[in-house]
């Protein structure tokens, strides 16, 4: 415990670095996945193609991706951009499926009603489909956020600093406290992100507070399984 | 891109395919770690998943556990266990199993949960015991999602077993870590490529398995295009694939 107090400045700094590496992939993953997910939901052909491709992307082990990306992007091996791009790819891989499931969870009758009261395709997307897909999107983003925060530390193995530094340093110095401190800090970040996502969801979708429909809950469960 | 050419040259160099440090041996080690972990995690994850799915008890706890385990940084956990238990296969298997249990658990209970309640009620009404319902109705119908859970678990384990090689153990990660400090990028990327190909092959095999474990009755009903239940199962099976 005294080690944690003595080294709090360093832990805090690494925590901030970790957060800095985690936020861009989570945000980018969402922005890119929603349109892809919508396209996947809308057309049967694109659904199988997009879900297959995103499924394949998710099978690439993170360490491999961190190492291979510089050769593709032309970045240096130590560039944090490799980690950010790799984690964005994972976020998309997980999130496209959730987004497609989310849009599919909107009852066709609801969509027809929206059309009947005069919504055009674009307006209906923003005012009806996106909000109703919201709970499944949030469920998907919670998975994305947790896995991003925990995977970022793998980047430390190739020299991109984050809380993962504490794991490697702790192992080299045979000092479990340092590793534990890193694990706890990672979990704290993950919990804070998770709570933030839930709060954002409640703020944007006040109607979900009274309990979601069974179908959406099932879609959310599938999201958990797919991950 | 020339780095890729170098990596492929490394991959196809016969010298890298021989001996205890060769690609076949490292791949075998990697697969052994994966299989041992999946068996260990499968016993726990599937059993608990069946209990939760069948009884409906502890579902909230399962969601919480699977969710929070995902946020646990595997790297830190691995190194922590390595310090506690000494560097060896035990900490690696434990940590990989911790990683593999949540998808197995979630796949199993979600598989049972997705079954129409009326199907299970009918089985009960016909006089089946709870064990018979589990063995003859719930497990066969949940099988595609259970296999889907095993598939995600296998992928996570294959990916993470790579990291385990940072502790001086075997597996495909050795190509990465042994050569990283030497800046021999052809071997590093070559190793990364093998892991990826292995993950893709295993994923493909499980995809086929998922399709083949759809129970006979469901497949028959589906091919005849009968009933709402058949269509529902189909969508679940497709989703799992």
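The values are calculated or read from the model by the stated rules, or taken from the named source; none is laboratory data. In this text, all values refer to a predicted model and were calculated from it rather than measured experimentally. Positions of Cβ are generated from backbone atoms using ideal geometry, with glycine treated the same way; all protein chains shown enter the neighbour counts.
Summary of computed values
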quantity: Top-ranked residue in the stretch B:102-154 [being more than 19 Å from residue B:57 (Cα to Cα) and not in a helix (DSSP H, G or I); ranked as farthest from the other protein chains (Cβ to nearest Cβ)]; calculated: B:127
quantity: Unique match (being surrounded by fewer than 24 Cβ atoms within 10 Å (Cβ to Cβ) and either more than 22 Å from residue B:42 (Cα to Cα) or over 15 Å from the mean Cα position of the chain (by Cα) (or both)) among B:210, B:113; calculated: B:113
quantity: Output for the stretch B:159-170, where each listed residue is more than 7 Å from every other protein chain (Cβ to nearest Cβ), touching a residue at least 40 places away in the same chain (Cβ under 8 Å) and touching a helix residue (DSSP H, G or I) at 6+ places or on another chain (Cβ under 7 Å); calculated: B:160, B:161, B:164, B:167, B:169, B:170
quantity: Helices (runs of 4 or more DSSP H) contained in the stretch A:31-134 and holding at least 1 residues touching a residue at least 40 places away in the same chain (Cβ under 8 Å) and farther than 30 Å from residue B:183 by Cβ; calculated: A:44-59, A:80-104
quantity: Residues located in the stretch A:89-126, provided they are within 13 Å of residue A:42 (Cα to Cα) and out of contact with any helix residue (DSSP H, G or I) (no Cβ under 9 Å at 6 or more places or on another chain); calculated: A:108
quantity: Odd one out for residue A:24 among (1) without any contact (Cβ under 8 Å) to a residue 40 or more places away in the chain; (2) within 12 Å of the chain's Cα centre (by Cα); calculated: (1)
quantity: Selection status of residue A:158, within 11 Å of chain B (Cβ to nearest Cβ), surrounded by fewer than 22 Cβ atoms within 10 Å (Cβ to Cβ) and in contact with a helix residue (DSSP H, G or I) (Cβ under 8 Å, 6 or more places away or on another chain); calculated: yes
quantity: Residues satisfying the stated conditions in the stretch B:4-25, i.e. within 14 Å of chain A (Cβ to nearest Cβ) and surrounded by 15 or more Cβ atoms within 10 Å (Cβ to Cβ); calculated: B:4, B:6, B:7, B:10, B:11
quantity: Flag if residue A:190 is modelled with pLDDT under 60 and at the interface with chain B (Cβ under 9 Å from one of its Cβ atoms); calculated: no
quantity: Residue in the stretch B:33-55 that is away from every other protein chain (no Cβ under 14 Å) and in a loop (DSSP other than H, G, I, E, B) present; calculated: no
quantity: Of all residues in the stretch B:80-101 being free of Cβ contacts under 8 Å to residues at least 24 places away in the same chain and facing chain A (nearest Cβ under 9 Å), the one that is surrounded by the fewest Cβ atoms within 10 Å (Cβ to Cβ); calculated: B:84
quantity: Unique residue being within 14 Å of chain B (Cβ to nearest Cβ), modelled with pLDDT of 85 or more and either more than 20 Å from residue B:4 (Cα to Cα) or buried (at least 20 other Cβ atoms within 10 Å of the Cβ) (or both) when the list is A:125, A:66; calculated: A:66
quantity: From A:85, A:106, residue being within 30 Å of residue A:124 (Cα to Cα) and surrounded by 20 or more Cβ atoms within 10 Å (Cβ to Cβ); calculated: A:106
quantity: Single residue of the stretch A:161-172 satisfying the filter (touching a residue at least 40 places away in the same chain (Cβ under 8 Å) and surrounded by fewer than 24 Cβ atoms within 10 Å (Cβ to Cβ)) that is farthest from the other protein chains (Cβ to nearest Cβ); calculated: A:161
quantity: Selected residue (only one of A:187, A:179 is in a helix (DSSP H, G or I) and more than 21 Å from residue B:161 (Cα to Cα)); calculated: A:187
quantity: Filter result for the condition that a residue is out of contact with any strand residue (DSSP E or B) (no Cβ under 6 Å at 6 or more places or on another chain) and surrounded by 14 or more Cβ atoms within 10 Å (Cβ to Cβ), over B:105, B:64; calculated: B:105
quantity: Within the stretch B:171-183, considering residues that are in contact with a helix residue (DSSP H, G or I) (Cβ under 8 Å, 6 or more places away or on another chain) and either closer than 10 Å to residue B:11 by Cα or not in a helix (DSSP H, G or I) (or both), the one nearest to the other protein chains (Cβ to nearest Cβ); calculated: B:172
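So that you can scan it fast, the table gives a plain yes or no per residue for (1) in contact (Cβ under 8 Å) with a residue 12 or more places away in the chain; (2) within 9 Å of chain A (Cβ to nearest Cβ); (3) within 25 Å of the chain's Cα centre (by Cα); (4) on the phi > 0 side of the Ramachandran plot:
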{"residue": "B:185", "(1), (2), (3), (4)": "yes, yes, no, no"}
{"residue": "B:189", "(1), (2), (3), (4)": "yes, yes, yes, no"}
{"residue": "B:193", "(1), (2), (3), (4)": "yes, yes, yes, no"}
{"residue": "B:197", "(1), (2), (3), (4)": "no, no, yes, no"}
{"residue": "B:220", "(1), (2), (3), (4)": "no, no, no, no"}
